[in-house]
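A.B. asks: Would you mind keeping the following structure in view while I ask a few things?
No value in this document is a laboratory result; all are computed from the given coordinates. Predicted model, so just to flag it, every value in this text is computed and none were measured. All Cβ positions, glycine included, derive from the backbone under ideal geometry; neighbour counts span all protein chains shown.
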Amino acid sequence: MFERLGLDWLLPLLAAPFIGSFLGLVIRRLPAGGAVIFGRSCCPHCDHRLGARDLVPILSWALSGGHCRYCAARIGLFFPAVELAAVSVAVWAVTALSGWLVWAGCAFGWTLLTLAAIDQRHFFLPDQLALPLIPAGLLVAYLVEPGSLIDHAVGAAAGFVALFLVAWVYKAVRGRQGLGLGDAKLMAGAGAWVSWVGLPSVILLAAATALAIVLVRARRPVLLADKVPFGPYLCLGTWLVWLYGPLVMA
Ligand SMILES: [Zn+2]
């Protein structure tokens, strides 16, 4: 029944653009307080309340040519970009997973996407999104393989301790904050999903992609003082290791 109705692949794909709109609001509004997440959307230029036909993901933006229907102000690419990213996560989950795990994967991927975007824009990882990853990861691990629960619980603890120690050593050596406590909480969530076995791969992938992006984007010599959020790379590494397993040394 579940499969025949397409609930495991069609519904996540159809829901993705709308979830993406909501994630856009979360990314914009959570760092500013959060209570306003469920408030109605207004045009930031003319304050006109947006109606139903302004809120169709991607399509509204495309049909209006990227301008507000009321004051003709340009609307940035932010919302359509988040909506497209949410659709990409759903497509990725549908391709790599099956059954109820598609929904678990979508929820996981959308949460990681939101965390990554907030860290990229605001340099912090909100507890409201990072901490629920821990019980959710343990629950999914238990449902997939009850015997693996211990490994995933150890992973959550090890993830937190590992990043906490790195942050502590960095601060002791360099005298300023490098990694935040948010990174340690995110790593605890990652450990709950990929178990302790997957953690080294997550850190390796995150460090390698972060370094590659920094070097590619740098138009001048990279300074040690440059501020780079690590959260987005931890999110990407966690997602890849959860879907495809730890890196295998050949
Ligand atoms: Zn407007």
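A.B. asks: Highest mean first, what order results for 74-82, 210-218, 183-191, 130-138 on Cβ atoms within 10 Å?
C.D. replies: 183-191, 130-138, 74-82, 210-218
A.B. asks: Return the long-range amide H neighbours of H67 (sequence gap of 5 or more, or a different chain), with a cut-off of under 5 Å between placed amide H atoms.
C.D. replies: The list, which skips near neighbours in sequence, is I75.
A.B. asks: Moving on. Between A172 and I150, what is the label-point separation in nm under the 7 Å Cα-to-beta-carbon projection?
C.D. replies: 3.1
A.B. asks: Give the peptides 88-101, 234-247 in descending order of average Cβ contacts within 10 Å, highest first.
C.D. replies: 234-247, 88-101
A.B. asks: So what's the gap between the Cα centers of the stretch 177-206 and the stretch 127-154, to the nearest angstrom?
C.D. replies: 13
A.B. asks: Right, something else. Provide the gained length on full extension for the span L101 to Y244, in nm with one decimal, where the gain is 0.36 nm per separating residue minus the Cα-Cα distance.
C.D. replies: Net length gain for the segment: 50.1 nm.
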